[in-house]
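Participant: This is the structure, below, for whatever I ask next.
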Amino acid sequence: MSALLPPATRALLLINVAVFLLEPLAPNLIMGQFALWPLGSELFRPWQLLTYAFLHGSLMHIFFNMLALFMFGGPLERYLGQRRFLTFFLVCVLTAALTQLAVQSAGGPQEETIGASGGVFGVLLAFAWYFPRARILVLPVPVPLPAWLVVSVYSLVELFAGVRGWQPDVAHFAHLGGLAGGAACILFWRARRQFGG
């Protein structure tokens, strides 16, 4: 794996897998301290704004998140560089968490949030932004589609699912928060470069 992946992407994958393997050893402690709990919960802690992204609820949950990170994180890290890529990922995780807390404060489901999906959605956005014509095979569509189209359609599906309340156990607005944070981060970097920052 070290030959295939640059260091930050590899570290994120390994940390997520290691934490997933540790979760069954003390599930109540780990979820209580490190999942993202609503602001009104007595379990909420500030560090949960980042730590929730390293917890996963099932094998399928972590598999698909890590598969996306494996596929798109490496090329993106090579393009951005290790430090900027890691900063980008954590910004997306943070904006996803803040979006989820805002939705919960407005009356959304009062449950804990876990998973790297917010950061992964930001990575997807950045991949489509920097490599819009790269081809992605999305089953069951029989032909590869351009990255910009895949991410655009996926984002609209997430927005529609969130508004309609589909899959209430999925934090659709957190995913969108990760996308928004990723876009804001890229635009900030572009503005700094444009104005000599």
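The values are calculated or read from the model by the stated rules, or taken from the named source; none is laboratory data. Every value quoted in this text rests on a predicted model; they were computed, and no experiment measured them. Cβ sites come from the backbone with ideal geometry, for glycine too, and all protein chains shown count toward neighbours.
Participant: Filter region 100-133 down to residues that are closer than 26 Å to residue 59 by Cβ and of a type in the set (Ser, Thr, Tyr) and give me whichever is surrounded by the most Cβ atoms within 10 Å (Cβ to Cβ).
Facilitator: Result: 117.
Participant: Quick test of your reading of the structure: residue 65 fulfils all but one of (1) of a type in the set (S, T, N, Q); (2) farther than 30 Å from residue 189 by Cα; (3) under 12 Å from the mean Cα position of the chain (by Cα). Name the failing condition by number.
Facilitator: (2)
Participant: Under 9 Å between Cβ atoms, at least 6 apart or on separate chains: pull out the pairs that start in region 48-68 with a residue that is farther than 14 Å from residue 19 by Cβ and end on any residue that is among the β-branched types (Val, Ile, Thr) and in a helix (DSSP H, G or I).
Facilitator: Hits for this filter: 49/93; 64/120; 68/120; 68/123.
Participant: Would you mind listing the helices (runs of 4 or more DSSP H) fully within region 103-197 where at least 3 residues are out of contact with any Asp or Glu (no Cβ under 6 Å at 6 or more places or on another chain) and farther than 23 Å from residue 53 by Cα?
Facilitator: Once the helices (runs of 4 or more DSSP H) in region 103-197 are filtered for at least 3 residues that are out of contact with any Asp or Glu (no Cβ under 6 Å at 6 or more places or on another chain) and farther than 23 Å from residue 53 by Cα, what remains is 147-164, 172-194.
Participant: If you don't mind, there's one more thing I want to ask. Output the number of the condition that residue 1 fails; it satisfies all remaining conditions of (1) surrounded by 13 or more Cβ atoms within 10 Å (Cβ to Cβ); (2) modelled with pLDDT under 95.
Facilitator: Checking residue 1 against (1) surrounded by 13 or more Cβ atoms within 10 Å (Cβ to Cβ); (2) modelled with pLDDT under 95, the one that fails is (1).
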